[in-house]
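The values are calculated or read from the model by the stated rules, or taken from the named source; none is laboratory data. For clarity, every value in this text was computed on a predicted model and none was experimentally measured. Cβ sites come from the backbone with ideal geometry, for glycine too, and all protein chains shown count toward neighbours. Keep in mind that these areas ignore ligands, DNA and RNA; they rest on the heavy atoms of the full protein, side chains included. Shrake-Rupley method; radii C 1.70, N 1.55, O 1.52, S 1.80 Å.
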Amino acid sequence: MEKLTVNYEGKPCYDVIIDKSFDNFPSDIIKDSARVCIITDDNVATVCLDSLKDVLGKDVLVYSIAPGEKNKNLDTVRDIYAFLVKNDLARSDVLVALGGGVVGDITGFVAATYKRGISFIQVPTSLLAMVDSSIGGKTGVDFDEYKNMVGAFYMPELVYINVEMLRSLPEREFYNGFAEAMKSALIRDSIYYSWLIDNMYEISDKEPETLIRLIKGSLSVKKDVVEKDPKEESLRMILNFGHTVGHAIEKYKGFELKHGECVALGCVCAAFISWKKDYLTMEEYYEIRDMFVPFNLPISTEMLDIDKVLDIMKKDKKFIDGRRRFILLKKIGKAVIDPDVTEQEIRASLEEINFDEAW
Ligand SMILES: NC(=O)c1ccc[n+]([C@@H]2O[C@H](COP(=O)([O-])OP(=O)(O)OC[C@H]3O[C@@H](n4cnc5c(N)ncnc54)[C@H](O)[C@@H]3O)[C@@H](O)[C@H]2O)c1
């Protein structure tokens, strides 16, 4: 078992436990008198719900949403509020998010707003949620065509990661999450980056101790960054490495590619610009690019209409003030916020990953 404590405003705020079972779930975190409502999705409910219910050892309410990003919206939030009101859930009760990043983000937002704030626990079940979205306190939903447009910063009471939950996760979803781990290594931890390269076969074999090390490495990076800048005023923006281009491609492709797949493409673009600005060597750029391949992540994509991708990027909320605050790599393990990336440089990076151009 591994345990990290995430601080907020200089004080310990919540623990993150990473384990091979639910055996170390600290049941005293939920008061005997508190009722519990598990929010999950229909896929996760069939494979993970019973083992969590056994651990909680009390009658629980369960609300299951339809899976997928298209349900991460205010309609789903409203349905959950209605369920909680109907079941008379009190402010002293607890919500548990059992699922991937979609369930975690929605549950966190409901917890932040229902009765002006109710406790919640994250039990992430996708690799993406384990290595990234379950910590840091960002919660929220999409609004119209804008991703994560409505939300709140709200901290969980506990994050409990049981790597056994990954057994049922589809392969494509597993590698989707790996992209965020790779991003964490690239922006802040060159030793972790080398460890990822050295352990690529063990990671793909999903050996439990390796998974615990993988998740701990990524969460340690995120913990360090969010503790220094909890509300994304400066440093935290480096977590968006690969996401500026990634989000635009995700939207351009109509969400046919997974988030992590788009982040991988975005990381390749950002590493390419970093090379062209002489921050990275050519060898480092190609090494980063090729590192995604054994993890079934794309490094090029077909038929990008580059003008359209650039248009979408300009509408991204991170670009709303008109500045292109692009996250680049000064070297492997050190990201910087670069305010001077030109449209031409972004265009060249998109040409690099455009299948027609790259091959
Ligand atoms: N809050 C943050 O800081 C933050 C950070 C990164 C990403 N996100 C958000 O996370 C979301 C993506 O998360 P995701 O990739 O986990 O997507 P997801 O929640 O949609 O899960 C992916 C799929 O895997 C299924 N699934 C999850 N765990 C499973 C398991 N153990 N067994 C079988 N199936 C399982 C889900 O039902 C779903 O179909 C996006 O909405 C993104 O915006 C948030």
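Quick notes on this structure:
- Applying the condition of being open to solvent by 10 Å² or more (accessible area, probe 1.4 Å), within 16 Å of the ligand (Cβ to nearest atom) and assigned to a helix (DSSP H, G or I) to the range 254-287 and asking which residue is nearest to Ser126 (Cα to Cα) yields His259.
- Residue match in the range 179-196 (condition: open to solvent by 10 Å² or more (accessible area, probe 1.4 Å) and within 12 Å of the ligand (Cβ to nearest atom)): no
- Selection over the range 245-281 of residues that are closer than 15 Å to Phe292 by Cβ and of a type in the set (Asp, Glu) gives a count of 1.
Residue-by-condition table, conditions (1) out of contact with any Phe, Trp or Tyr (no Cβ under 8 Å at 6 or more places or on another chain); (2) not hydroxyl-bearing (Ser, Thr, Tyr):
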{"position": "Asp23", "(1), (2)": "yes, yes"}
{"position": "Ser27", "(1), (2)": "yes, no"}
{"position": "Ala34", "(1), (2)": "yes, yes"}
{"position": "Ile38", "(1), (2)": "no, yes"}
{"position": "Ala45", "(1), (2)": "yes, yes"}
{"position": "Leu52", "(1), (2)": "no, yes"}
{"position": "Ser64", "(1), (2)": "yes, no"}
{"position": "Lys70", "(1), (2)": "no, yes"}
{"position": "Val77", "(1), (2)": "no, yes"}
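- Restricting attention to the range 125-178, the residues that are within 6 Å of the ligand (Cβ to nearest atom), open to solvent by 10 Å² or more (accessible area, probe 1.4 Å) and within 14 Å of Lys223 (Cα to Cα) add up to 3.
- Filter result for Asn240 (open to solvent by less than 40 Å² (accessible area, probe 1.4 Å), over 17 Å from the mean Cα position of the chain (by Cα) and either within 15 Å of the ligand (Cβ to nearest atom) or free of Cβ contacts under 8 Å to residues at least 24 places away in the same chain (or both)): no
- Exactly one residue out of Asp356, Asp340, Asp321 is over 23 Å from Arg236 (Cβ atoms), modelled with pLDDT under 90 and not aromatic (Phe, Trp, Tyr), and it is Asp356.
- Criterion: away from the ligand (no atom under 16 Å from the Cβ) and either outside any helix (DSSP H, G or I) or at pLDDT below 95 (or both) - qualifying residue of Asp79, Asp23: Asp23
- Restricting the first member to the range 12-26 and to residues that are over 20 Å from Leu127 (Cα atoms), and the second to residues that are of a type in the set (Ser, Thr, Tyr), the beta-carbon pairs closer than 7 Å and six or more apart or on different chains are Pro12/Thr5.
- Residue check: Leu61 meets all listed conditions (1) out of contact with any helix residue (DSSP H, G or I) (no Cβ under 6 Å at 6 or more places or on another chain); (2) aliphatic (A, V, I, L, M); (3) within 16 Å of the ligand (Cβ to nearest atom) but one, namely (3).
- Contact map, the range 168-197: residues that are under 14 Å from Val131 (Cα atoms) paired with residues that are among the basic types (Lys, Arg) and within 16 Å of the ligand (Cβ to nearest atom), Cβ distance under 6 Å, separation 6+ or inter-chain. Pairs shown: Asn176/Lys258.
- Assessment of the range 92-114 against the conditions (in a helix (DSSP H, G or I) and surrounded by fewer than 16 Cβ atoms within 10 Å (Cβ to Cβ)) yields no matching residue.
- If you filter the range 251-261 down to residues that are touching a Lys or Arg at 6+ places or on another chain (Cβ under 8 Å) and among the charged types (D, E, K, R), you find that the one that is nearest to Lys308 (Cα to Cα) is Lys251.
- Taking each residue of the range 85-99 that is more than 20 Å from Asp41 (Cα to Cα) and looking for partners that are open to solvent by 30 Å² or more (accessible area, probe 1.4 Å) and at pLDDT 95 or above with beta-carbon atoms closer than 6 Å, six or more apart or interchain, yields Arg91/Lys115; Asp93/Arg35.
- Set Lys223, Lys251, Lys231: member being open to solvent by 20 Å² or more (accessible area, probe 1.4 Å) and over 19 Å from Phe153 (Cα atoms): Lys251
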